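Participant: Take a look at this one; I'll ask things after.
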Amino acid sequence: MKGTKIILGFFVFVVLIFAAYAVLRTVPIDNCGENGTGPACIELRPGFSIDYYAENVEGARSMALNPNGTLFVGSLNTGKVYAIPDRNGDNKADEVIVLAEGLDMPNGVAFMNGSLYVAEVSRVVRYDDIEARLETPPEPVVVNGDFPSDRLHGWKYIKFGPDGKLYVPVGMPCNVCEGKYERYGTIMRMEPDGSQLEIFARGIRNTVGFAWHPETEELWFTDNGRDWLGDDSPPDELNRAPEPGMHFGFPYCHAGDIPDPEFGGLRNCSEFTPPEVKLGPHVASLGMTFYTGTMFPEEYRNQIFIAEHGSWNRKIPIGYRVTLVRLENGTPVSYEPFAEGWLQGLAAWGRPVDVLVMPDGALLVSDDKNNAIYRISYS
């Protein structure tokens, strides 16, 4: 009899857990939006608003803007690169043009001197005079094809630095391992023509977002922590690399002070540069930018916005938001949510990937799950 009661009690407990999980998955917070999705679900601070800038941008990932206002967007599994013009200046996309398709994870895009640079897994290509040829884009020119072909962490974020060089990361082709090829786990840089390719920083598991401080011109970058050390370890990282040659610890040390169970005995954490900020564990911090606009209040000037794609291997998911890192005299003093609501209960309807400051000061956010670009403004 006693055993029967225990079994019955356990059964009721399991039913309640599944019922609660179902409610969390299906009931949107505050009944936001249509079917619990869309910009109406996003919680912002007073004075800020959010709306669609572009929809139907399948797998929207990294973004780059040319001086004429055309937004270029990469993707991942769709293999497409898009051009999104706003010719009438109404802060809405006029159309979404597929510039290229059939590419190998063309996540990264960058613009320089009239040319669009696109990063595939093993190469960077260039589309010349692209603004005049959006409807009939030219064949790509291979800038450099000397990158590893591993697809795990092989997608790339690219950006031109203040030195005029193109920075290209090479992720580790594993959860955790020592790289047999010296270019694994690095940020590299090269001239716009693909020459003088060199390693700038090492010990980086996988960065898919970086930017330079607008005053000091120091490189800051996000880094995704390893998996399978538990729900709450290790944190993702926000790092600073003011000079070339720095090592940030992977795979020996995570987040500055967590020795790896397998590789930690080979090196000491004190040998490496610790992160500036320990971000949430497994939040998948991707694109980041310094806010250089004038639309937002002064307190946001030169502060860091980070797109958190969201955890995939946590019992309780976290991330799925845009966060803000506040700096004082160049030093981080806080890490806090700025825009959230893509995660409703235990289910996410969207996943932020990248952030970009527009000339008018609005902040664009890409979302590869909801296939959209959002515009956050302030008035």
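What follows is calculated from the coordinates using simple rules that are stated; it is not laboratory data. These numbers come from a predicted model, not from an experiment. As a convention, Cβ positions derive from the backbone with ideal geometry for all residues, glycine included, and neighbour counts pool all protein chains shown.
Participant: Does any residue of the range 81-91 turn out to be out of contact with any Phe, Trp or Tyr (no Cβ under 6 Å at 6 or more places or on another chain), among the polar types (S, T, N, Q), within 30 Å of Tyr378 (Cβ to Cβ) and surrounded by fewer than 20 Cβ atoms within 10 Å (Cβ to Cβ)?
Facilitator: Among the residues of the range 81-91, at least one is out of contact with any Phe, Trp or Tyr (no Cβ under 6 Å at 6 or more places or on another chain), among the polar types (S, T, N, Q), within 30 Å of Tyr378 (Cβ to Cβ) and surrounded by fewer than 20 Cβ atoms within 10 Å (Cβ to Cβ), which makes the answer yes.
Participant: A further question follows. Being out of contact with any Lys or Arg (no Cβ under 7 Å at 6 or more places or on another chain), closer than 15 Å to Pro359 by Cα and surrounded by fewer than 17 Cβ atoms within 10 Å (Cβ to Cβ), is that true of even one residue in the range 95-113?
Facilitator: No, the range 95-113 has no match at all.
Participant: Collect the residues in the range 116-141 that are under 20 Å from Gly164 (Cα atoms) and touching a residue at least 24 places away in the same chain (Cβ under 8 Å), keeping them in residue-number order.
Facilitator: Selection gives Leu116, Tyr117, Val118, Ala119, Arg123, Val124, Tyr127, Ile130.
Participant: Only residues that are closer than 15 Å to Cys253 by Cα and assigned to a strand (DSSP E or B): list them for the range 220-237, please.
Facilitator: Within the range 220-237, Asp223, Pro235, Asp236, Glu237 qualify.
Participant: Looking only at the range 160-178, which residues are surrounded by 14 or more Cβ atoms within 10 Å (Cβ to Cβ), within 19 Å of Ala119 (Cα to Cα) and of a type outside the set (Lys, Arg)?
Facilitator: Correct list: Phe160, Gly161, Leu166, Tyr167, Val168, Pro169, Val170, Gly171, Met172, Pro173.
Participant: Next question, about the same structure. Checking Tyr335 against (1) touching a helix residue (DSSP H, G or I) at 6+ places or on another chain (Cβ under 7 Å); (2) under 24 Å from Thr216 (Cβ atoms); (3) of a type outside the set (Asp, Glu), which single condition isn't satisfied?
Facilitator: Exception for Tyr335: condition (1).
Participant: Looking at the range 118-217, what strands (runs of 3 or more DSSP E) fall wholly within it and have at least 2 residues that are of a type outside the set (A, V, I, L, M)?
Facilitator: Values: elements: 124-127, 141-144, 166-170, 186-190, 198-202, 210-212.
Of the strands (runs of 3 or more DSSP E) lying wholly inside the range 118-217, those with at least 2 residues that are of a type outside the set (A, V, I, L, M) span 124-127, 166-170, 186-190, 198-202, 210-212.
Participant: Give me the pairs: first residue in the range 159-171 and within 17 Å of Phe147 (Cα to Cα) and in contact (Cβ under 8 Å) with a residue 40 or more places away in the chain, second residue crowded, with 24+ Cβ neighbours inside 10 Å and polar (S, T, N, Q), beta-carbon distance under 6 Å, and six or more apart or on different chains, which are they?
Facilitator: Pro169/Thr207
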